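Below: the structure, in structure tokens.
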Amino acid sequence: MTNFNDFDISDSIRKAIKDMGFEEPSPIQLKAIPVILEGGDVIGQAQTGTGKTAAFGIPVVDKVTHEKVVQALILTPTRELAIQVSGELQKLSVYNKIRTLPIYGGQSIGHQIKALKQGVQVVIGTPGRILDHLKRKTLGLDSVHTVVLDEADEMLDMGFIDDIELILKQVQEKRQTLLFSATMPPAIKKLSRKYMTTPKIVTINKGEVTAPLINQIYFKVLERNKIDSLCRIIDSEEIELGILFCRTKKGVAELTEALQARGYLADGLHGDLTQSQRDAVMKKFRDSSIEFLIATDVAARGIDVENVTHVINYDIPQDPESYVHRIGRTGRAGRQGLALTLVTPREMKHLRSIEHEIKMSIPSQDVPTIEEVVEKQRDSWKKRVTDTIESRGKEFELFAPLVEDILQEHAPQDVVSALLKMNFSSETPNEEAGYNFGDTGGAKGMVRFFINVGRNVQLTPKIVADEVSELVGISSKAIGRIDIFENFTFMEVPEEVAPFVYEALRYSRINGARVNLEPAKPRPKREKRTPTRS
Ligand code: AMP
């Protein structure tokens, strides 16, 4: 079995990887890192969610020296991705102190020039802004020996091809060029023929994988509300034993702590535990003194427990094979099992590629509302309260003076409600968190998007609605007004699915045409619809 120790990389990077909580290389890392370390050009076919950033990030960070010149250039389609990649590289290089800098449009160029002057080794940026710096001569590429084209298909879809070519022409020919892309359209192949030297191609799992016949559902969740969404989901399911999967051991530790703090019977399992600690956790799970086992893929290996009713992918797995592996842990011995997957907006495309590989479409369900959770939990909460009253215990006398005190000041209904809330209800999630589209001129509760194509590519409202419904897993009836014009389209979607629509449709295709969408600008004042009073 290959682990990070088998790669020929420096100890400081290994230490950083350990801190990040990675236990094992992901499939794309396993295949790409050794070939990248050999020094040749590599094309990697992988999506966000597969660990592709570290697949090129680890060799890049390993290769650059402390010399204060730009040695590696990473091109990304968006500023968000530039920031994300820079953050991941920063974490990978905490011990060898490499400086990385994200550079993108929309940020003050003066600030970037100042940062560049201080000496950075890796620059990550969008093609337009990088070109801008090259023209101003505030960025020099003479010492660049490695170029990464990240999400190359999206960059081409966004029309960056000319900028990319201009940039590549300014980097010495004797360089290492790495190209990562989720898809391999002819334009990517053309680009690679022109600018890469006999590249090796690495892909993950192109062989078919068959998913077991287990009920599968996915939930759309926002990163910041993930724990609260999870609590609502598990509160509305009848779970006997559930395995929750996280990507990293750090993730396992955090989720275990969060669930325990909320009163769930949960414990975590990860690769760092000793055999006896591991056995103790497994014993608790087998004899049902805990309901939830939280684990990484590595830690869950070899676990064989009969009555697992639910497998929950708290973090989406890194490849289809791991998905199949994880969900196969429920529904054993002819019992019904349920596999639930939490998907954030950025991971929508990765979910679609998993569905493609397992040749199955996974239905989606909405995260239960607090009202639904209360309805579902009524009997169980009532029973717990009744059981506690019946078993009394010496605390009852101990509490007596306090009870009297509280009841003198508050109505009994309020006191009971407060205690139920403290005990059973999780925080109300902030649905807006992370994605704030502002005023887009949509109807109440809707976000209006501007799509850059219209009748010119034969769009009809039905085609748009069907496409959105399929990509985002919502009923086409939930989609609001769609106005198609000659060269563009406006579409309204409910606020809660807006981040998913945004991530799924950005730089994608409808009707074979490249499309992009962005939040619409607010309508001019006089046009604004005013709610009618009845
Ligand atoms: P990416 O596909 O690069 O966007 O990565 C998705 C997520 O997986 C990021 O949060 C990474 O930090 C994380 N990740 C990358 N490699 C590994 C690994 N070997 N084990 C666990 N998590 C990883």
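Numbers below:
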| quantity | calculated |
| --- | --- |
| Ranked by how many other beta carbons lie within 10 Å on average, peptides 263-276, 286-299 from highest | 286-299, 263-276 |
| Length gained when the stretch S289-A443 is fully extended (0.36 nm per residue, less Cα-Cα span) | 50.5 nm |
| Inter-probe distance in nm under a simple model that places probes 7 Å from Cα toward Cβ, at Q277 and K18 | 1.4 |
| Charge dipole of the chain about the Cα centre (unit charges at C-beta), most positive-ward option of L407, T369, Y507 | Y507 |
| Ranked packing of 464-472, 339-347, most packed first, by mean Cβ within 10 Å | 339-347, 464-472 |
| ³J(HN,Hα) computed for each position of region 192-201 - Karplus, 6.51 cos²θ - 1.76 cosθ + 1.60, integer Hz, glycine/proline x | 5, 5, 6, 10, 10, 10, 5, x, 8, 9 |
| Distance in nm between pseudo-label sites at I463 and E67 (7 Å out along the Cβ direction from Cα) | 5.3 |
| Amide H contacts under 5 Å for Q216, placed H, 5+ residues apart | A339 |
| Largest-first principal axis extents, alpha carbons of region 155-255, Å | 60, 32, 27 |
| Accessible-area order (highest first, 1.4 angstrom probe) of the listed residues R14, R224, R262 | R224, R262, R14 |
| Cα centroid separation, region 309-331 to region 48-80 (Å) | 30 |
| Sites W381 and M360, calculated FRET efficiency, Cβ-Cβ separation with R0 41 Å, nearest 0.05 | 0.70 |
| Solvent exposure, largest accessible area first (probe 1.4 Å, DNA, RNA and ligands not counted), of H356, H410 | H356, H410 |
| Share of carbon and sulfur in the accessible heavy-atom surface of region 214-367 [1.4 Å probe, %] | 46 |
| Normalised contact order of the chain, rounded percent, pairs of Cα under 8 Å and 6 or more residues apart | 13 |
| Per-residue SASA entry for K135, accessible area with 1.4 Å probe, Å² rounded to 10 | 150 |
| F485 long-range amide H proximity, modeled H, under 5 Å | R455, F490 |
| Virtual spin-label span in nm between S475 and R224, 7 Å along Cα→Cβ | 3.0 |
| Cβ charges +1 (Lys, Arg) and -1 (Asp, Glu), total dipole of the chain, debye | 2040 |
| Long-range amide H partners of I124 with built H, under 5 Å | I74, L101, I103 |
| Note, ³J(HN,Hα) from phi for region 410-420, Karplus 6.51, -1.76, 1.60, rounded to Hz, x at Gly and Pro | 10, 5, x, 4, 5, 5, 5, 4, 4, 5, 5 |
| Under 17 Å from the Cα of K359 - lysines, other chains or at least 8 residues apart | K206, K349 |
| Accessible area (Å², 1.4 Å probe, nearest 10) - I201 | 120 |
| Heavy atoms of D142 accessible to a 1.4 Å probe, total area in Å² rounded to 10 | 140 |
| Sequence-separation-based contact order of region 214-367, relative, with Cα cut under 8 Å and 6+ spacing, percent | 37 |
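The values are calculated or read from the model by the stated rules, or taken from the named source; none is laboratory data. Keep in mind the model is a prediction, meaning the values are calculated, not measured. Every residue, glycine among them, receives a Cβ derived from its backbone with ideal geometry; neighbour counts consider all protein chains shown. In case anyone asks, the SASA skips ligands and DNA or RNA and just uses the protein heavy atoms, side chains included. Shrake-Rupley method; radii C 1.70, N 1.55, O 1.52, S 1.80 Å.
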